Amino acid sequence: MPEPGPDTELLRAAAREFLELFHTENPRAGAVGPRVAAVMREIDLTGTYWHTSEELTFGARVAWRNNERCIGRLYWHSLQVRDLRTVSDAGRVAAHCFDHLRLAHNGGKIRPMISVFAPETPYRPAPRIWNEQLIRYAGHALPDERVLGDPRYLAFTSGLIERGWQPPSSPGAFDVLPLVVETVEEGPQLFEVPAASIHEVPLRHPELAWFADLDLRWHAVPVISNNRLVIGGVSYPAAPFNGWYMGTEIGARNLGDSDRYALVPEVAERMGLDTSEETTLWRDRALVELNRAVLHSFRAQGVTITDHHTESRRFLTHLEREENAGRRCPTDWTWIVPPMSGSQTPVFHRHYDSSPQVPNFFTDPDATHRGLHGGPPAFR
Ligand code: ARG
């Protein structure tokens with residue numbers, strides 16, 4: 001039996017706080033007293049406790065609502081929660097992740113969704129997913145020091161090759177990396193993502209016909225898979241979740257950043273812009289067309305996407321609703337303001353409450369390291 005230590009005291013306090021929140025916001029769940037008493041007894045006996053499925057669903061939704069980095073929180077209440085807490089071996093975790101990709105894609109009408117796998121407990125650590133997202137593209141080093149694919153995953157890709165992954169015989173710019181799931185018993189295991197779970201959008205520009213020749217695409221569903229969901233003091237390190245994309249994430253950052261696909265100079269060149277001087281604003285002009293191509297292509301393919309102007313307005317609606325409900329809405333300006341035309345969006349022109357709240361999602365440094373370097377393993 002686990003010793004009652006200071007950790008157990010923290011767990012008790014966090015559990016109590018969460019249960020009070022749950023019962024305040026869900027009056028139909030009845031009085032909080034008996035539930036708190038039961039949970040305290042369970043912590044005495046086991047060193048942890050098991051959320052009811054209603055608590056889990058509510059906790060995951062509130063973790064989204066509390067996440068200071070997300071501009072898309074207006075729809076927090078629509079999050080679909082897959083309760084997979086009895087799933088804890090690598091093969092079944094991976095299989096359910098691949099199901100998640102199909103269910104969330106939903107033929108293009110993307111559903112915000114989270115799959116919650118086995119929690120961290122005093123008697124067994126939870127499984128870990130190494131990848132930052134379920135779908136990520138490999139980075140291949142070329143002889144001339146350039147990178148084919150996503151430079152962000154250069155080290156991750158070579159880490160996986162060392163672990164036995166065979167990259168495609170002719171490497172490309174959009175090779176989907178295998179999923180790495182680690183459990184304490186099995187160590188890191190690699191799983192190829194089945195084609196049926198990979199949904200991508202080929203990128204075209206509404207007017208510039210040559211844009212198609214760049215042969216660009218991006219995956220439809222961003223499923224973050226290395227954050228730790230924390231509800232009432234209980235940690236769920238494997239709890240991949242998704243919303244839908246805001247165009248700038250792909251057009252301005254993934255394809256635009258100079259340490260990612262860095263496509264702005266090539267797009268500017270093909271547009272015939274004068275790149276000899278910064279004052280022509282060729283970077284800004286090319287970036288706009290890159291972003292138009294992303295929004296246009298997703299819409300043309302019937303895949304849910306949003307633009308940064310619409311999403312900024314929705315976020316202010318969300319803030320207003322939270323305020324009316326008497327709740328604080330922790331917000332990080334540096335994450336909320338879109339990476340292009342910031343001052344053209346209303347979210348730029350104000351201050352936010354930034355003090356964090358739980359439940360929430362946490363980005364642990366060791367998880368970040370595994371997601372970028374492919375190791376070291378969590379359990380050794
Ligand atoms: N920025 C990340 C990417 O480009 C995705 C982060 C989550 N985004 C979202 N719309 N839920 O892949």
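Computed from the coordinates by the stated procedures, all read-outs in this text should not be read as laboratory data. No experiment lies behind these values; they were computed from the predicted model shown. FYI the Cβ positions are ideal-geometry reconstructions off the backbone, even for glycines, and counts take in every protein chain you see.
Counting only other residues whose beta carbon sits under 13 Å from that of Glu278, what net charge do I get with K and R as +1, D and E as -1? List each step's numbers first, then the result.
On the way: positive: Arg283, Arg285; negative: Asp274, Glu277, Asp284.
Counting the neighbours of Glu278, the net charge comes to -1.
Could you work out how far helix 6-25 tilts from the main Cα principal axis of the chain, as a 0 to 90 degree angle to the nearest 10?
Computed tilt is about 80 degrees.
Normalised by the number of residues in the chain, what is the relative contact order in percent for Cα pairs under 8 Å and 6+ residues apart?
The normalised contact order for the chain reaches 22 percent.
How big is the convex hull of the Cα atoms of the stretch 271-367, per residue, in Å³? If you can, show how the numbers build up before the last one.
Numbers: hull volume 18.1 nm³, N = 97.
Roughly 187 Å³ of hull volume per residue.
Would you please put 60-69, 257-266 in order of how densely packed they are, using the mean number of other Cβ atoms within 10 angstrom per residue and starting with the highest? Walk me through the numbers on the way to the answer.
On the way: 60-69: 21.8, 257-266: 15.8.
Ranking the peptides 60-69, 257-266 by packing returns 60-69, 257-266.
Report the local net charge at Phe191: Lys and Arg +1, Asp and Glu -1, summed over other residues whose C-beta lies under 13 Å from its C-beta. Present the calculation step by step, with values, prior to reporting the outcome.
Numbers: positive: Arg92, Arg163; negative: Asp89, Asp99, Glu182, Glu186, Glu192.
Computed value for this residue: -3.
Rounded to the nearest 20 debye, what is the charge dipole size of the chain about its Cα centre when +1 sits on each Lys and Arg Cβ and -1 on each Asp and Glu Cβ? Show your work: numbers first, answer last.
On the way: 39 positive and 48 negative charges, 221 e Å.
With only Lys, Arg, Asp and Glu charged at Cβ, the dipole is about 1060 debye.
Over the stretch 264-380, what relative contact order in percent results from Cα pairs under 8 Å that are six or more residues apart?
On the way: 70 pairs, mean separation 18.2, N = 117.
Relative contact order of the stretch 264-380: 16 percent.
What's the FRET efficiency of Trp50 with His351 using the Cβ-Cβ distance as r and R₀ = 51 Å, to the nearest 0.05? Can you show the working numbers first?
Numbers: r = 40 Å, r/R0 = 0.79.
Calculated transfer efficiency: 0.80.
Where does helix 90-105 land angle-wise versus the long Cα axis of the chain, in degrees 0 to 90, nearest 10?
Tilt relative to the chain: about 60 degrees.
Going from the alpha-carbon gyration tensor of the stretch 256-325, what semi-axes, largest first and in whole Å, does one get by taking the root of 5 times each eigenvalue? Mind showing how you got there, number by number?
Numbers: eigenvalues 206, 53, 20 Å².
Sorted largest first and rounded, they come to 32, 16, 10 Å.
If I take all pairs of Cα atoms in the stretch 120-230, what percentage of them are more than 18 Å from each other?
On the way: 3535 of 6105 pairs.
Summing the P(r) of the stretch 120-230 above 18 Å gives 58 percent of all pairs.
May I ask you to order 354-362, 239-247 by the average number of other C-beta atoms within 10 Å around their residues, highest value first?
Values: 354-362: 16.2, 239-247: 25.0.
Final packing ranking: 239-247, 354-362.
Over all directions, average the projected area of the Cα convex hull of the stretch 44-146 and note it in nm².
On the way: hull surface 40.9 nm².
Orientation-averaged projected area of the Cα hull: 10.2 nm².
Mind sorting His77, His369 by how few other Cβ atoms lie within 10 Å of their own Cβ, fewest first? Working shown, then result.
Details: His77 12, His369 15.
Arranged by neighbour count, lowest to highest, His77, His369 become His77, His369.
222 nm [θ] for the chain, helices only, -39500 (n - 2.57) per DSSP H run of 4+, per residue, to 500? Don't jump to the answer; show the numbers that get you there.
Numbers: 10 runs with 131 residues, N = 380.
Value at 222 nm, helices only, nearest 500: -11000 deg cm²/dmol.
If you wrap a convex hull around the alpha carbons of the stretch 191-251, what volume per residue comes out, as a whole number of Å³? Each step should come with its number before you reach the end.
On the way: hull volume 7.6 nm³, N = 61.
It is 124 Å³ per residue.
Show me 15-28, 222-235 ranked by packing, highest mean number of other Cβ atoms within 10 Å first.
Numbers: 15-28: 15.8, 222-235: 22.5.
Packing proxy ranking, top to bottom: 222-235, 15-28.
Only four residue types carry charge here, +1 at the Cβ of Lys and Arg and -1 at the Cβ of Asp and Glu. Report the dipole size of the stretch 34-124 about the Cα centre in Debye, rounded to the nearest 20. The partial results should precede the final answer.
On the way: 13 positive and 9 negative charges, 83 e Å.
Using Cβ point charges on Lys, Arg, Asp and Glu, the stretch 34-124 gives about 400 debye.
How big is the C-alpha Rg of the stretch 147-303 next to the rule-of-thumb value 2.2 N^0.38 Å, as a ratio?
Details: Rg = 18.4 Å, N = 157, 2.2 N^0.38 = 15.0 Å.
Expressed relative to 2.2 N^0.38 Å, the Cα Rg reads 1.22.
Stokes-Einstein D for the chain at 10 °C, 1.306 mPa s, Kirkwood Rh over Cα pairs, in µm²/s? It would help to have the intermediate numbers written out before the result.
Working: Rh = 22.3 Å.
The calculation lands on 71 µm²/s.
Relative to the Cα centre, what is the charge dipole magnitude of the stretch 162-276, using +1 at the beta carbon of each Lys and Arg, -1 at the beta carbon of each Asp and Glu, and rounding to the nearest 20 debye? Could the numbers behind the result be given before it?
Numbers: 7 positive and 16 negative charges, 62 e Å.
The dipole magnitude comes to about 300 debye.
Counting only Cα, what are the radius of gyration and maximum Cα-Cα distance Dmax of the stretch 304-361, in Å?
For the stretch 304-361, the Cα-based Rg and Dmax read 12.0, 32 Å.
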